[in-house]
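The values are calculated or read from the model by the stated rules, or taken from the named source; none is laboratory data. Small disclaimer: the values here were computed from a predicted structure and weren't measured. We place every Cβ from the backbone using ideal geometry, glycine too, and count neighbours over all the protein chains shown.
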Amino acid sequence: MDNKFPGKDITIEDLKSKFPLVSKKNSKHKSVFEIAGVEFGGSQIPIFAGPNMIESKELIFDVVENVKKIGANFLRGGAFKPLTFPYRSKKYNETREEGIKWLLNAKEEFNFPIITEVMEEKYLPLVSKVTDIIQIGSRNMQNFPFLTACAKTNLPIMLKRHYGASLRDWLGAAEYILYEGNNKLILCERGVSVPHTHRSTSRFLLDLQVIPAAQEVTHLPIISDPSHATFWRPWVNSMTLASIAAGADGIMLEVHPDPDNSAVDPLQPIDYVEFKKLYKSMEKVAESIGKSIAK
C-alpha cells in the first residue's frame, strides 16, 4: 500500500486498498439492512425528526408524540451538544445524562426508536443502553480511536460528514467502522463550507451532488440533513425534496413545536404543521422516482 498520489479525488487504488470494505463490489452492490424494523438502503426512505437538543422531558414527549403521528420513523435529539464556541447563553443548557434518561422515557412510552449523538468515549456505555443508532457528529468524523470504540458497540451508526471533508475523507472514516465488523453504517450529508452560501446567516451548503457521487463508489446508505445544511427554515422544504430526487436513502429533519424559541439554532427547525405538509410532498417526490417513504 502506498500514498504516491494523495488528494481529494478517489482513485482506483483507493477503492482497492484504502477503503475496500466501503467500496462497491459491482455496480448493483448496495447494503440493505433493518434497524428497529425500518429498512435502510432499499426502496423505502426513512425519516428522522426531532429537536436539535433535548430541552426538557415535556418537550421531548410532545415532539415524539407528534412526529410519530405525522409519519417519522425515528426520533432525533441531542443530550450532548457540540457548539463551535465554549460559551453558553442562559437559554442553552445541555441536559446530558438527564436528557438521555428523558430519551429513554420517551422511547419506552411511545415505543419509538431513537438516534442521538455521542461526543466522548466515556459516555458510550450510557448512550448505548438507550439509543437505536449512535450518531457520530461531523466534528468527530476523523476521531479514529472514537470511531473504533463506537464500532465495537455493534450498534448501528450514522456517520456525519465533516463540513470540510472530501468524499474520500468521509469514506476513509467509514472504513474504520466497517473494519471492526460493524456493517450497519449510514452516511449523512449535513452541508459543507464553501466561499458563498447565498445568505449572511448560512454557514454551510448542502452538497446534493455528493449523494449520487457517493452512490457510484459505496454500497452504504446515504441520508441528507437539510436542516443543518441550510440553517434557514424557508429552504428546508425544497432541499428535502431535492435530496429525495437526488437519490437520498433517508432524511433527517429538525422539528420543534416552537422553532423561534428553540434553545439551539432557532433559524432552522420546522414546526409540526410544516412537517406534515412536507411529509405529503416527500411522498409524492419519492413515488415519482419509484420509492416510498418508510412506514
Q: Being within 13 Å of the chain's Cα centre (by Cα) and of a type in the set (A, V, I, L, M) is the filter; apply it to the range 47-69 and report the residue that is farthest from LYS101 (Cα to Cα).
A: ILE47
Q.
So LEU171 passes all but one of these: (1) aliphatic (A, V, I, L, M); (2) surrounded by fewer than 19 Cβ atoms within 10 Å (Cβ to Cβ); (3) under 17 Å from the mean Cα position of the chain (by Cα). Which condition number does it fail?
A. (2)
Q: Output the qualifying pairs, or none if there are none: Cβ atoms under 6 angstrom, residues six or more apart or on different chains, first residue in the range 15-26 and modelled with pLDDT under 95, second residue surrounded by 17 or more Cβ atoms within 10 Å (Cβ to Cβ).
A: LEU15/SER23
Q) If we scan the range 236-256, do we find a residue that is buried (at least 18 other Cβ atoms within 10 Å of the Cβ), free of Cβ contacts under 8 Å to residues at least 60 places away in the same chain, in a helix (DSSP H, G or I) and hydroxyl-bearing (Ser, Thr, Tyr)? A) yes
Q | Sole residue being surrounded by 19 or more Cβ atoms within 10 Å (Cβ to Cβ) and touching a Leu at 6+ places or on another chain (Cβ under 6 Å), chosen from ILE136, ILE115, ILE60 | A | ILE136
Q: Test ILE211 against the criterion of being within 21 Å of ARG76 (Cα to Cα), crowded, with 19+ Cβ neighbours inside 10 Å, of a type in the set (A, V, I, L, M) and at pLDDT 95 or above, and give yes or no.
A: no
Q | Residues of the range 174-196 satisfying the condition of being among the β-branched types (Val, Ile, Thr) and at pLDDT 95 or above | A | ILE177, ILE186, VAL192
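Residues are listed down the side, and each one gets a yes or a no for (1) in contact with a Phe, Trp or Tyr (Cβ under 6 Å, 6 or more places away or on another chain); (2) over 27 Å from LEU206 (Cβ atoms):
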| site | (1), (2) |
| --- | --- |
| ARG76 | yes, no |
| PHE80 | no, no |
| PHE85 | no, no |
| ASN93 | no, yes |
| GLU97 | no, yes |
| GLU108 | no, yes |
| ASN111 | no, yes |
| ASN140 | yes, no |
| LEU147 | yes, no |
Q | Positions within the range 268-295 being surrounded by fewer than 17 Cβ atoms within 10 Å (Cβ to Cβ) and outside any helix (DSSP H, G or I), in sequence order | A | ASP271, ILE289, GLY290, SER292, LYS295
Q. Does at least one position in the range 188-202 carry a residue that is more than 30 Å from THR153 (Cα to Cα), more than 16 Å from the chain's Cα centre (by Cα), surrounded by 15 or more Cβ atoms within 10 Å (Cβ to Cβ) and basic (Lys, Arg)?
A. no
Q: For residues that are touching a residue at least 12 places away in the same chain (Cβ under 8 Å), more than 10 Å from ALA79 (Cβ to Cβ) and either touching a helix residue (DSSP H, G or I) at 6+ places or on another chain (Cβ under 8 Å) or assigned to a helix (DSSP H, G or I) (or both), tally how many sit in the range 100-118.
A: 9
Q.
Please determine whether any residue of the range 144-151 is touching a strand residue (DSSP E or B) at 6+ places or on another chain (Cβ under 8 Å), at pLDDT 95 or above and β-branched (Val, Ile, Thr).
A. no
Q) Take the residues of the range 9-57 that are in contact with a Lys or Arg (Cβ under 8 Å, 6 or more places away or on another chain) and among the hydroxyl-bearing types (Ser, Thr, Tyr): which is surrounded by the most Cβ atoms within 10 Å (Cβ to Cβ)? A) SER23
Q: State which residue pairs qualify: first residue more than 22 Å from ASP249 (Cα to Cα) and inside the range 49-74, second residue among the polar types (S, T, N, Q) and surrounded by fewer than 17 Cβ atoms within 10 Å (Cβ to Cβ) in any location, beta carbons under 9 Å apart, and separation of 6 or more residues or different chains.
A: MET53/ASN93; GLU55/ASN93; LYS57/ASN105; ILE60/ASN105; PHE61/ASN105
